[in-house]
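What follows is calculated from the coordinates using simple rules that are stated; it is not laboratory data. Given the structure is predicted, the values throughout are model-derived calculations rather than measurements.
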Ligand code: SF4
Ligand code: SF4
């Protein structure tokens, strides 16, 4: 259970990085990235994913199909 950042949409604004309660977001080589091993989709901390709430781009952060 994790989200991922669509590299075609992310503008690397960095707004998502500080709000992640599990510190799963880092600046990657191309755009920001979510560590799928530690992302909880914020289920224990918030009613909705914090990264999605603050991201200025629609459909930039999406569920990871696994
Ligand atoms: S959904 Fe929550 S835990 Fe996962 S990357 Fe976004 S802010 Fe972090
Ligand atoms: S908030 Fe959205 S656009 Fe900004 S770095 Fe994070 S994923 Fe990319």
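Quick look at the numbers
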{"quantity": "Viscosity 0.692 mPa s, temperature 37 °C, Stokes-Einstein D of the chain from Kirkwood C-alpha radius, µm²/s", "calculated": "283"}
{"quantity": "Gain in span if fully extended, residue 59 to residue 38, counting 0.36 nm per residue against the direct Cα distance", "calculated": "5.5 nm"}
{"quantity": "Percent RCO, i.e. relative contact order, over the chain, from Cα pairs under 8 Å lying at least 6 residues apart", "calculated": "46"}
{"quantity": "MRE, 222 nm, helices only [DSSP H, n ≥ 4, -39500 (n - 2.57), over the chain, to nearest 500]", "calculated": "-1500 deg cm²/dmol"}
